[in-house]
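I am attaching a structure below and will ask some questions about it afterwards.
The values are calculated or read from the model by the stated rules, or taken from the named source; none is laboratory data. Nothing here was measured: the structure is a model prediction, and the numbers come from that model. Heads up, the Cβs are rebuilt from the backbone with ideal geometry, glycines too, and the neighbour counts pull from every protein chain shown.
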Amino acid sequence: MNNLMDSYSYFQYVLLITLAIISGLSLRFTLSHAKQMWATTYHHTLSYALLPVITMIITTLIAGNLALSLGMIGALSIVRFRNPVKSPLELVIYFALITIGIGTAVNFKLSILLTIVVNLVIFVFGKFQNKFDKKGKSIFSISFEEGSSVHTMEVKSTTQIKVLDENKNLSSYYSMKNPVSFNYRLFFLNQDELKKLQEDLKTNNDIQSIDIKYAR
């Protein structure tokens, strides 16, 4: 009976765990670079660090043991994501993290390859989106509108706005040098929260425009 636990030393396991954590966090930082600010929260960051490691350990424990595999499937069947997934991208990232964890346990080379491919795709699409945003255009529809009713606020200002930089609802941000402008895009599930922020921003004379779209 093959057992992955017998294939590596403890030192090698430490290296594999470190690889899984780095791989998961690399996706988080690439998403952040692509202005997907929802991925920068405390909970998402920890999820990206821990999910590949947990999946790797589970894969290692049940490999080659049918009885243990069936028992583990039964035990894990009661575990569900209670927090609703807000976009298809978020769901895909979860699958990528799980696959990275499995790959780290079975074939770490494929795990590294998958990590590179996912990061590269996110980076390239983020660059394209940023390039079109600076021209006032967009090749994609607004994130998080699929599968979730959200209200959208887009703010254009001549200076950076601290209250927006630190806002938990900030989804994307980019700046332009000529002419100088700072552009924010925020999503709200609570309409009253959006209106309160709108009132707070009315006193800021540096704001050039505020565009609000309410969910239907």
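What pairs can you find where one residue is in segment 203-216 and under 13 Å from LEU164 (Cβ atoms), the other is surrounded by 12 or more Cβ atoms within 10 Å (Cβ to Cβ), and their Cβ atoms are less than 6 Å apart, with a gap of 6+ or different chains?
ASP206/SER157; ASP206/THR158; ASP206/THR159; ILE207/SER157; ILE207/LEU201; ILE210/VAL155
Only one of LEU61, LEU68, LEU46 is more than 22 Å from TYR173 (Cβ to Cβ), part of a helix (DSSP H, G or I) and at pLDDT 90 or above; which?
So the residue among LEU61, LEU68, LEU46 that is more than 22 Å from TYR173 (Cβ to Cβ), part of a helix (DSSP H, G or I) and at pLDDT 90 or above is LEU46.
What strands (runs of 3 or more DSSP E), lying completely within segment 149-215, carry at least 2 residues that are crowded, with 17+ Cβ neighbours inside 10 Å, within 21 Å of the chain's Cα centre (by Cα) and of a type outside the set (Asp, Glu)?
Passing ranges, in order: 151-157, 170-177, 180-188.
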